[in-house]
Amino acid sequence: MKEERLKTQKPESSLSWQTYGHLTDPQVRQAVSVQSELIWLSQSFLRNEGFVQLLPTIISPITDPLNNEVDEASINCYDNRYRLTQSMIFHKQLSLNAYEKIFIVSPNIRLERPFKASTGVHLFEFTQIDLEVRNGSREDIMDLIEHLTVYIACGLKESALNGRIDISSEMSIPTIPFEKVSYRQAEDRFGRGFEVQLSREIKNPVWLTDVPVTKREFYDRLKDGTSVLDDMDLILPQGHGEVLSGGRREHEYDRIIRRIEMKGVSQDSLRWYLDLAREGLIPPSSGCGFGVERLTKYFCGIDDIAQTRLFPKVPGTLCL
Ligand code: ASN
């Protein structure tokens, strides 16, 4: 009945019909159902691995400064300026004083430039599953994520068999361990801006490691005696691109200050965090965050990330 109304009313003629058309689009509904399973599977895997799930921090005086340019999003609370969370990196690190392993299904706001509307992978409100492990190494995190990815893929297949979701029978279970390619090797093979080509060429997810220090935020740890980081991105096949970033973290005050100065980040904007670091209250750790919408896009074989949310926030546009 409703679908019939849609056909006769020309959805593009009004915003309400466009919204209704999106909410009832079979591809969107399928993706959001897969996403619901995917979040549930991630939570159950991480809890079984001994992780404690924390609730998200939405506003705070400090947030991830990020390496790419985004406009600042902040609100005034009781005459103090609170930033909208761009990532929970600093809260993750501090939470390790309470627990050894933590994760959050974390909504992030990043006011990306309007041209990113057409990349198919950017939303200005998105969700990442963000996790951190006290005394963990980068390799521990990579191993954990490989097993998590396989667990999710198998779980989705099973949910499809039980009729809970609809996924393509072509969806394959990734094979582990994933290949590791350093940033330098990737650049030698495909040239600058290699990510798109690398992602199109591979058949299985690939770790991109050892990113140059200038290309990432200050909090990923510099490998001593080099100009590369002890970090990683996860690149998905079939052109889906980067879905995860993370690494080992800087936790010592002097090193953090050096890195902040190198980046030209204002110390004032991180005052609270820096005071805790000076007191030695940031535990050593490694961690990462993966984009829930991007992972959904991959498992569903969807080109446009806006199809993975009922209310997508497309950069540069007014959205519900
Ligand atoms: N969540 C990422 C990490 O843990 C950081 C980010 O999203 N920028 O490294």
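The values are calculated or read from the model by the stated rules, or taken from the named source; none is laboratory data. Model, not experiment: these values are computed from the prediction. All Cβ positions, even for glycine, are placed from backbone atoms using ideal geometry, and neighbour counts span all protein chains on display.
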Query - Subset of the range 209-248 (residues that are of a type in the set (Val, Ile, Thr) and either within 17 Å of the chain's Cα centre (by Cα) or closer than 24 Å to Arg294 by Cα (or both)) - result: Thr209, Val211, Ile235, Val243
Report task. Could you tell me whether any residue of the range 307-314 is over 14 Å from Arg221 (Cβ atoms), within 16 Å of the ligand (Cβ to nearest atom) and of a type in the set (Lys, Arg)? Result -> no
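Regarding the range 188-197, can at least one residue be identified that is in contact (Cβ under 8 Å) with a residue 40 or more places away in the chain and within 30 Å of Ala31 (Cβ to Cβ)?
Applying the first criterion (in contact (Cβ under 8 Å) with a residue 40 or more places away in the chain) to the range 188-197 yields 195-196.
Then keep just the ones that are within 30 Å of Ala31 (Cβ to Cβ); that gives 195-196.
Yes, some residue in the range 188-197 is in contact (Cβ under 8 Å) with a residue 40 or more places away in the chain and within 30 Å of Ala31 (Cβ to Cβ).
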Query raised in the report: In the set Ala73, Ala31, which member is small (Gly, Ala, Ser) and touching a residue at least 60 places away in the same chain (Cβ under 8 Å)?
Result: Ala31
Report task. Go over the candidates Leu310, Leu281, Leu276, Leu318 one by one and state the one that is surrounded by fewer than 22 Cβ atoms within 10 Å (Cβ to Cβ), more than 17 Å from the chain's Cα centre (by Cα) and in a helix (DSSP H, G or I). Result -> Leu276
**Report entry** From the options Phe51, Phe90, residue that is within 15 Å of the ligand (Cβ to nearest atom), over 17 Å from the mean Cα position of the chain (by Cα), of a type in the set (Phe, Trp, Tyr) and at pLDDT 95 or above
**Finding:** Phe51
Report task. State all residues of the range 263-301 that are within 16 Å of the ligand (Cβ to nearest atom) and among the hydroxyl-bearing types (Ser, Thr, Tyr); if no residue qualifies, say none. Result -> Ser269, Tyr273, Ser285, Ser286
Requested in this report: Write out, first by first residue and then by second, each pair whose Cβ atoms fall under 6 Å of each other, whose residues are 6+ apart or on separate chains, and whose first residue, in the range 278-293, is farther than 30 Å from Ser33 by Cβ and of a type in the set (D, E, K, R) while the second is within 15 Å of the ligand (Cβ to nearest atom) and not in a strand (DSSP E or B).
Outcome: none
Query - Residue within the range 112-128 that is crowded, with 18+ Cβ neighbours inside 10 Å, within 27 Å of Pro284 (Cα to Cα) and either more than 14 Å from the ligand (Cβ to nearest atom) or not charged (D, E, K, R) (or both) present - result: yes
Requested in this report: For Asn108, indicate whether it is within 12 Å of the ligand (Cβ to nearest atom) and without any contact (Cβ under 8 Å) to a residue 24 or more places away in the chain.
Outcome: yes
Query raised in the report: Is there a residue in the range 71-85 that is under 25 Å from Thr209 (Cβ atoms) and either more than 14 Å from the chain's Cα centre (by Cα) or within 12 Å of the ligand (Cβ to nearest atom) (or both)?
Result: no
Query raised in the report: What number goes with the only condition from (1) buried (at least 17 other Cβ atoms within 10 Å of the Cβ); (2) over 19 Å from Cys154 (Cβ atoms); (3) not small (Gly, Ala, Ser) that Gln35 does not pass?
Result: (2)
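Could you tell me whether the range 237-259 includes any residue that is more than 21 Å from His122 (Cβ to Cβ), small (Gly, Ala, Ser), touching a Gly at 6+ places or on another chain (Cβ under 9 Å) and within 16 Å of the ligand (Cβ to nearest atom)? Explain how you work it out, then say what you get.
Of all residues in the range 237-259, those more than 21 Å from His122 (Cβ to Cβ) come to 247-259.
Now restrict to residues that are small (Gly, Ala, Ser): 247.
Add one more test, that the residue is touching a Gly at 6+ places or on another chain (Cβ under 9 Å), and what stays is 247.
Remaining after also requiring within 16 Å of the ligand (Cβ to nearest atom): 247.
There is at least one residue in the range 237-259 that is more than 21 Å from His122 (Cβ to Cβ), small (Gly, Ala, Ser), touching a Gly at 6+ places or on another chain (Cβ under 9 Å) and within 16 Å of the ligand (Cβ to nearest atom).
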**Report entry** Asp304 being within 16 Å of the ligand (Cβ to nearest atom) and within 19 Å of the chain's Cα centre (by Cα)
**Finding:** no
**Report entry** Filtered residues of the range 39-72 (kept if surrounded by fewer than 17 Cβ atoms within 10 Å (Cβ to Cβ) and small (Gly, Ala, Ser))
**Finding:** Ser44, Gly50, Ser60
